[in-house]
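Trainee: To start, I am sharing the structure in question, which I have written as structure tokens.
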Amino acid sequence: MFHNNKQISKQLLIIISLIIISFLVGCGAQEEKRSQTIDDEGIIVGFSQIGAESAWRTCNTRSVQEAAAERGVQLVYDNAEQKQENQIKALRSFIAYQVDVIVFVPIVTDGWDNVLQEARDAGIPVLVTDRKIDVADPSLYAGFIGTDSLKEGRNAGLFLLDKFKNERERFEKTGDHINIVELFGTEGSSVALGRAEGFREVLAGHPEFQIVYSKSGDFLRSKGYELAVEFLEMHNDIDVIYSHNDGMTLGAIEAMEERGIIPGTDIVIVTIDAQQAAIDALREGKVNCVIECNPKTGPEIIKLAERLAAGESIPRLQYVHEEVFYETDDLSLIEPRGY
Ligand code: GYE
């Protein structure tokens, strides 16, 4: 019984995958031709994405899809809609389908040991991208490429040290703190943890800074708005918003403006990602510092996947290039962001 179900679901999976692939390679191709393409040329990569929670994420997905199409790599794409259980299911279906390589963005750090062991048993190499994982045996995945979230958090803290460099004296005289709100990303995700940790590390030893509110807005604009409504109600003396992504920042700005609070002036804002809307806000003075997190990793990801499929080893850890944009920069020099 179980065996039959498994066979049926495998057949179903192959059919679904072929439909997806047919979309990627363009419509109109002959059925027969399509399966030949899969068998004879190109590799098959299973790509498990976590969702479409932000502009950053959709740009990241597009980057991987475009790079795969350019290299003739067949991409079996799955959107987990923010659920780890969906991601684990997707990885299992990639294993059943015997893709050549698995690429995945782990929504949270924990809980991957079993499914990665299954991938290893099936002889399928795994590339982790964007977010990091914690597994008992790190050799369960071949390597990581993505963002250095600890550094991003540190850069946010360093910006504040500079921005408020003259405030220390006031604090020493009056005991008046610089009150910070932190809009936290998805709980348990490596990027939110790194952004929180790097930030605190830099501000440790500077007691004038005080985090008075920190809550997860799940990297969503709508939740950034909701949290801002809440913290603006609770506190009337917020000096800084440190936001783990632009989406939440843009939501918070909306809530501030509705209440007549001037973003970037009444409250200093530091945000991470650097989507075009955040750069526009920086130009308008509504945001004071934008820390870039680069989503355009597709070409590098596909190159690494091809190397893995060829049986080569890849670097264990690769961070992508990222910049910081300050309000004091010549902002006319920033190229259009493309997302
Ligand atoms: O900053 C945020 C997104 O994991 C680095 O996830 C990524 C983060 C990014 O949705 O906008």
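The values are calculated or read from the model by the stated rules, or taken from the named source; none is laboratory data. Note that the coordinates shown come from a computational prediction; the quantities given were computed from them, not determined experimentally. With ideal geometry, Cβ positions are generated from the backbone for all residues, glycine too; neighbour counts draw on all protein chains shown.
Trainee: For GLY285, work out the one condition from (1) outside the structural domain of PHE164 (by TED's automatic domain parsing); (2) surrounded by fewer than 15 Cβ atoms within 10 Å (Cβ to Cβ); (3) in contact with a Pro (Cβ under 9 Å, 6 or more places away or on another chain) it doesn't fulfil.
Mentor: So GLY285 meets the others, but not (1).
Trainee: Kindly list the number of the only condition in (1) under 18 Å from ASN288 (Cα atoms); (2) under 17 Å from the mean Cα position of the chain (by Cα) that fails for GLY188.
Mentor: Failing condition for GLY188: (1).
Trainee: Here's something else I'd like to know. Working carefully through the options ILE334, ILE302, ILE314, find the one that is of a type outside the set (S, T, N, Q), more than 16 Å from the ligand (Cβ to nearest atom) and buried (at least 23 other Cβ atoms within 10 Å of the Cβ).
Mentor: Values: ILE334 fails: buried (at least 23 other Cβ atoms within 10 Å of the Cβ); ILE314 fails: buried (at least 23 other Cβ atoms within 10 Å of the Cβ).
Result: ILE302 is the single residue among ILE334, ILE302, ILE314 that is of a type outside the set (S, T, N, Q), more than 16 Å from the ligand (Cβ to nearest atom) and buried (at least 23 other Cβ atoms within 10 Å of the Cβ).
Trainee: Follow-up question, since we're still on this one. Just the residues that are within 29 Å of GLY311 (Cβ to Cβ) and of a type in the set (D, E, K, R), please, taken from the stretch 130-155.
Mentor: Of everything in the stretch 130-155, those that are within 29 Å of GLY311 (Cβ to Cβ) and of a type in the set (D, E, K, R) turn out to be ASP130, ARG131, LYS132, ASP134, ASP137, ASP148.
Trainee: Residues that are among the small types (Gly, Ala, Ser) and within 16 Å of the ligand (Cβ to nearest atom): find the helices (runs of 4 or more DSSP H) completely inside the stretch 31-142 holding 1 or more of those. Write out each step before concluding.
Mentor: Details: elements: 31-40, 55-71, 84-97, 113-121.
Helices (runs of 4 or more DSSP H) meeting the threshold: 55-71.
Trainee: Which is under 24 Å from the mean Cα position of the chain (by Cα) and either touching a residue at least 40 places away in the same chain (Cβ under 8 Å) or part of a loop (DSSP other than H, G, I, E, B) (or both), of LEU161, LEU150?
Mentor: Sole residue among the options that is under 24 Å from the mean Cα position of the chain (by Cα) and either touching a residue at least 40 places away in the same chain (Cβ under 8 Å) or part of a loop (DSSP other than H, G, I, E, B) (or both): LEU150.
Trainee: How many residues are more than 23 Å from ARG307 (Cβ to Cβ) and touching a helix residue (DSSP H, G or I) at 6+ places or on another chain (Cβ under 6 Å) when one looks only at the stretch 62-107? Give the steps one after another, and end with the answer.
Mentor: To start, the set of residues in the stretch 62-107 that are more than 23 Å from ARG307 (Cβ to Cβ) comprises 79-89, 92-93, 96, 107.
From what's left, touching a helix residue (DSSP H, G or I) at 6+ places or on another chain (Cβ under 6 Å): 80, 88, 93, 96, 107.
Matching residues across the stretch 62-107 total 5.
Trainee: Could you please tell me which pairs satisfy a Cβ distance under 7 Å, a separation of 6+ or placement on different chains, a first residue in the stretch 176-192 that is under 14 Å from ASP134 (Cα atoms), and a second residue that is part of a helix (DSSP H, G or I) and within 12 Å of the ligand (Cβ to nearest atom)?
Mentor: SER190/SER149; VAL191/SER149
Trainee: For the stretch 226-255, which residues satisfy the criterion of being in a helix (DSSP H, G or I) and either under 20 Å from ALA274 (Cβ atoms) or among the acidic types (Asp, Glu) (or both)? If you could, list the steps in order and put the result at the bottom.
Mentor: Taking the stretch 226-255 and keeping what is in a helix (DSSP H, G or I), we get 226-234, 246-255.
The answer is GLU226, GLU230, GLU233, ASP246, GLY247, MET248, THR249, LEU250, GLY251, ALA252, ILE253, GLU254.
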